[in-house]
Amino acid sequence: MSLPDRNNPYNFDEFLEWRNNVDYYADDPFIQKVVRHFARDEWELVDREARAVSKKASYRWRDMANAIAWPEKRPYIMHYDGHRHRIDRIVRPKETEIMEREVFSEGLFSEKTSPWVKLIKMYIIYQNGEACIACPITCTEGLVEILKKYADTEETRRILQHCQEGLDGEFAIGAQYLSEIQGGSDVQANVLEAVQEDGQWRLYGTKFFCSATHADYAVVTAKPAGSEKVALFVVPSWLPGNKEKEIRNGYTIDRIKWKMGTSELTTAEITFNGAVAYPLGPLDRGIANVVGIVLTYSRLTVGLSAAGFMTRAVREAKKYAEFREAFGAKIGQFPLVAGQLQRIDKLTKQTVAGAFKVYQQFLQLQEGAAGEGTEQRKRAFEVRELIMLQKMAASWDCTEVIRTAMSIFGGHGVMEDFSALPRLYRDSAVNELWEGPRNVLLMQVYRDCQKASGWYDPKEFIANLLAGYDPEVIAQLQQEFQELLAYPSLLQLDEETMKAAERWDKFCHDLFHAYQLNALREVEAE
C-alpha cells in the first residue's frame with residue numbers, strides 16, 4: 001500500500017546504471033556464438049576485433065549518436081557564404097564529424113580487413129542507429145566494390161584508394177544518387193543526361209533522393225546523350241583543390257529533405273549543371289551494375305542493420321522488464337509481457353543468424369566456392385533472391401520488434417530523451433523503403449522465380465534454400481511456391497490476382513523466416 005509522499009523517491013538509476021555500462025559485444029553471448037559458428041577458422045581474430053570496436057561503439061560512439069539526435073543539432077545547409085559565393089555547405093554537429101572520422105578510420109573496406117571482421121564491426125556500430133554513419137558506410141562499400149571492378153583511369157584509381165585505404169590518413173566517404181522524381185525505384189525511367197565535352201563526361205539534370213550529401217564521392221546513374229540505356233558514373237563532390245575553397249563540382253544542393261527518420265543524415269535534391277563524372281563499366285550496363293553490385297551491398301546492409309537495431313531494442317526491453325515494477329510485480333512476470341519479450345527475442349536472434357548465414361553464402365559465391373556451371377548458376381540465383389527476401393523481411397520485422405520493445409516501456413517508450421528506441425524506430429521505418437520498397441522487391445523476386453523455373457526446378461530451389469530444415473515445412477512451402485508461380489502474372493487488376501499477390505507477400509515472408517530459423521538451428525546446435 002502506498003502512502004502520500006510529496007518527495008517521491010522513485011528513480012530509474014538501477015536500470016540506467018546497467019544500460020550505461022553494457023558492452024554490445026562482450027555482454028552478448030549469443031552474438032559471440034554466431035561469430036564462432038560462421039567465422040570458423042577466423043573466429044579468434046574476429047572476436048578480438050569485435051571486442052575492441054565494441055568498447056568504442058558501446059560508450060563513446062553511443063553517446064555521440066545520442067547527442068546528435070536532438071532536433072537543434074540536425075544538419076542544415078548554408079547555400080552562400082558572406083561574400084555571395086555559392087558553397088552549399090552541409091553544416092553538421094562536431095560530434096558527427098568526429099564519430100564519422102573515427103568509424104571510417106577502422107578501415108572497414110581495406111584489403112587488410114577480413115570480410116567477417118568488417119561484418120561484425122558494422123553489426124556492432126549499427127546498434128547505435130543511423131547516426132549519419134550507417135548509410136555512408138554501405139554507400140562507401142558499394143562504391144569501393146564497383147571501383148574494384150571498373151577503376152581503370154588515374155582518377156578512378158585514386159578515388160578507390162581514397163575510399164579503401166585512405167589518403168594521408170583520411171578515408172573518403174561515398175554516396176549513391178540514383179532516384180529521380182519521375183521514377184523512384186524505376187531507374188530505367190531516369191533522364192539525367194551525360195554529355196561528353198572536350199573529352200570529359202559531364203552531367204546535367206536533377207536527382208531527387210540524394211542521401212549522404214556530405215560525401216566526397218557519389219555513384220550516379222545517367223543516360224548518355226541520345227541513348228535510352230542507363231550508364232553509371234562516379235562524381236567527385238569537389239575537384240582537386242576545390243574542397244577547401246568550397247567550390248562544388250558543377251552541381252547545386254537545392255534543398256535538404258524533411259524525413260521521418262535517419263534525421264542526422266542529410267537527404268537532398270540536387271541539380272547537376274556540368275559536373276565532371278567518370279564512367280564505371282560499360283555505358284549500357286549501368287542498371288545491371290547498380291543492381292548486381294551497388295544495391296546488393298546496400299540491401300545486405302539493411303538486413304544487418306535491422307539485426308543490430310533489433311538486438312539493442314530487445315536487450316533494453318528485457319532488462320527494463322526485470323527492473324520495472326507495477327501492480328505489485330516486476331512487469332516481466334506478467335504472461336503477456338513475458339510472451340511478447342520471448343517472441344521478439346526469438347525473432348531478433350533468427351534475424352541475426354539469418355544475416356550472417358546470407359553473408360556466408362554471399363562470400364562463398366564471391367570466392368568461387370559455390371561450384372561450377374549449372375551449380376554455380378543455381379547458387380548465384382539463390383543468393384540474389386535471399387538478399388532481396390532478407391531486405392524485405394528483416395526491415396519489416398525490425399519495425400515491429402522495436403514497436404513492441406517500446407511498448408514494454410509504457411509511456412516512456414516514446415520519450416526521445418528516455419531512450420534511443422524512438423529514434424531506432426524512425427530509422428527502421430525509413431529502411432523499409434530505402435534500396436527498394438517491399439512491393440518493388442516482391443515483384444522482382446516473383447519475376448525472377450518465374451523466369452528461373454525453366455532451368456531451376458522450384459521444388460529443388462526451396463529444398464536447397466532450407467537444407468536440413470523440417471521436411472514437413474519444406475513440403476508445404478514447395479507446394480505453395482508451385483501454385484503461386486502457376487499464375488501467369490501478378491499484374492492483372494482483378495480480385496483473384498490481388499488475392500494471389502497477398503498470398504505471395506505472405507509466402508515470401510514465411511519462406512525467409514524458415515531460412516532464418518534454419519540458420520538459428522545451426523547456431524544453437526553447436
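None of the figures in this text is laboratory data; all of them are computed from the coordinates on show. Just so you know, these numbers come straight off a predicted model, no measurement behind them. Counting neighbours? That spans all protein chains shown, and the Cβs are built from the backbone with ideal geometry, glycine included.
Side notes on the structure shown:
- Here is the list for segment 87-134: trypsin sites (Lys or Arg not before Pro) lying in DSSP coil, each with at most 10 other C-beta atoms within 10 angstrom of its C-beta, are K112.
- Relative contact order for segment 382-467: 32 percent, from Cα pairs under 8 Å spaced at least 6 residues apart, divided by residue count.
- Kirkwood estimate for segment 13-150, i.e. one over the average of 1/r between Cα atoms, Å: 16.9 Å
- Net dipole in debye of the chain [+1 Lys, Arg Cβ; -1 Asp, Glu Cβ; about Cα centre; nearest 20]: 620 debye
- Applying the criteria of a DSSP loop state and at most 14 other Cβ atoms within 10 Å to the GluC sites (Glu not before Pro) of segment 189-240 yields E228.
- Cα centroid separation, segment 1-36 to segment 105-122 (Å): 31 Å
- Cα convex hull, segment 173-284: 108 Å³ per residue, rounded to a whole number.
- Sparsely packed loop sites in segment 25-126 (the GluC sites (Glu not before Pro) outside DSSP H, G, I, E and B with at most 14 other Cβ atoms within 10 Å) comprise E111.
- The chain - mean residue ellipticity at 222 nm from DSSP helices (-39,500 (n - 2.57) per run, n ≥ 4, rounded to 500): -17000 deg cm²/dmol
- Euclidean distance between Cα centres, segment 153-180 to segment 415-474, Å: 30 Å
- Here's the list of lysines a cross-link from K223 could span, going by alpha-carbon distance under 26 Å and ignoring same-chain residues fewer than 8 apart: K148, K149, K207, K257.
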